[in-house]
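The values are calculated or read from the model by the stated rules, or taken from the named source; none is laboratory data. Keep in mind that what you see is a predicted model, and the values were worked out from it rather than measured. Because the Cβ atoms are built from the backbone with ideal geometry, glycine has one as well, and the counts that use them run over all protein chains shown. Surface accessibility is based on the protein's heavy atoms, side chains included, excluding ligands, DNA and RNA. Shrake-Rupley method; radii C 1.70, N 1.55, O 1.52, S 1.80 Å.
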Amino acid sequence: MAEGTALLHDSSTSPRADALLLLAHALHREREWIVAHGDATPSGEEAQAFERLSAARSRGVPVAYLLGSAGFYGREFLVDENVLVPRPETEHLVAEAIAFIGNRPLRVFDVGTGSGAIACTIASETHATVHGTDISSSAVAIANENARRLGVADRCRFYVGDLTEPVRAQRFDLIVANLPYVPTAEIPSKPDPITYEPREALDGGPDGLSLYRRLLTELPAFLAANAMVLLEAAPPIIERLCDLTRNSLPHFTIAVCNDYAGLPRYIKAKGPDGLLGSQSPSIGLGPGRVE
Ligand SMILES: C[S@@+](CC[C@H](N)C(=O)[O-])C[C@H]1O[C@@H](n2cnc3c(N)ncnc32)[C@H](O)[C@@H]1O
């Protein structure tokens, strides 16, 4: 523990906690066991495994990739270098989604599902059916495996494809998205742990909003009556995302909401009651028309 903590001192903001997690992984034990057995001696093989893990962590590899899993909303999700490590700041958006769904068997769409953390959590906590898309086939394979492990595969459908393309001609009661939103020039360089995450999970184009801009033009045609839309982004670009959402959904009530750290983190757009979300001329509905 002391050696691991010292090795990670310069590369991690939580060297002791990281060392404890990695040692527990190398010993196939719970962290509590390690704390309670400070005088135990690891075998040579266990010590080597711990050294390998600590060395990789000191190069910046995220702990979640080394452990092969990440905690999100009280559940463990399988993760590897093909998916973004689910972030605690996304949990507030998920709580909002769960509160909106309540006991209703709604249809939900998670755009850019990654590990399936948002989709599988919503399916686990509600009776909703969740569809998710991702441009990465490796991410979709992981999302499917997470749904299977969490026992919600029967209510989760994941598709490989660009934004809404795989779910054409369907409408949803709730659409959530945590799309890549880091401006290209602001993507950090090594050894920042973020650089180990897939670039296609981070890069939001010149101003961070390229994917959301495209999504918001497509979105109206996918919204059912009384639908809600929840979109996550970084605090510095949230107001611009809010403006884009207003332009795309002019009849929706739109608010910027904070994450648990009190930072403006996601957009909540609620459709007017009894009105189809889309004002798209392609389906011939104007404001105030009830479907
Ligand atoms: C920021 S990650 C979020 C992953 C997951 N939703 C979460 O919150 O942990 C964005 C995800 O969007 C996916 N993505 C990027 N471009 C996409 C596109 N054009 N269509 C669909 N998914 C895309 C990435 O592969 C990545 O899995």
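Using the structure shown, decide if residue 57 is basic (Lys, Arg) and either assigned to a loop (DSSP other than H, G, I, E, B) or crowded, with 22+ Cβ neighbours inside 10 Å (or both). Yes; evaluated as a whole, the condition is true for this residue. When residue 4 is tested against (1) over 22 Å from residue 192 (Cβ atoms); (2) modelled with pLDDT under 95; (3) assigned to a helix (DSSP H, G or I); (4) open to solvent by less than 80 Å² (accessible area, probe 1.4 Å), only condition (1) is not met.
If you go through region 132-157 and keep only what is within 14 Å of the chain's Cα centre (by Cα) and part of a strand (DSSP E or B), you end up with 132, 133, 134. Filtering region 215-258 to residues that are of a type in the set (D, E, K, R) and under 21 Å from the mean Cα position of the chain (by Cα) leaves 218, 232, 239, 240. Can you find a residue in region 212-230 that is within 15 Å of the ligand (Cβ to nearest atom), open to solvent by less than 40 Å² (accessible area, probe 1.4 Å), in a strand (DSSP E or B) and in the same structural domain as residue 123 (by TED's automatic domain parsing)? Yes, region 212-230 contains a residue that is within 15 Å of the ligand (Cβ to nearest atom), open to solvent by less than 40 Å² (accessible area, probe 1.4 Å), in a strand (DSSP E or B) and in the same structural domain as residue 123 (by TED's automatic domain parsing).
A count restricted to region 153-182 and to residues that are open to solvent by 30 Å² or more (accessible area, probe 1.4 Å) and within 12 Å of the ligand (Cβ to nearest atom) stands at 8.
Somewhere in region 26-46, is a residue within 12 Å of residue 63 (Cβ to Cβ), assigned to a loop (DSSP other than H, G, I, E, B) and touching a residue at least 12 places away in the same chain (Cβ under 8 Å)? Checked region 26-46: no residue is within 12 Å of residue 63 (Cβ to Cβ), assigned to a loop (DSSP other than H, G, I, E, B) and touching a residue at least 12 places away in the same chain (Cβ under 8 Å).
Scanning region 60-77 for residues that are away from the ligand (no atom under 14 Å from the Cβ), on the phi < 0 side of the Ramachandran plot and in a loop (DSSP other than H, G, I, E, B) turns up just one, 61.
Residue 20 meets the conditions (1) part of a helix (DSSP H, G or I); (2) among the hydrophobic types (A, V, I, L, M, F, W, C); (3) open to solvent by 30 Å² or more (accessible area, probe 1.4 Å); (4) touching a residue at least 24 places away in the same chain (Cβ under 8 Å) in every case but one. The failed one is (4).
Across region 78-118, the qualifying residues are those that are more than 9 Å from the ligand (Cβ to nearest atom) and basic (Lys, Arg), and the one among them that is surrounded by the most Cβ atoms within 10 Å (Cβ to Cβ) is 107.
Here residue 121 fulfils each of the conditions (1) under 10 Å from the mean Cα position of the chain (by Cα); (2) buried (at least 24 other Cβ atoms within 10 Å of the Cβ); (3) of a type in the set (Val, Ile, Thr); (4) part of a helix (DSSP H, G or I) apart from (1).
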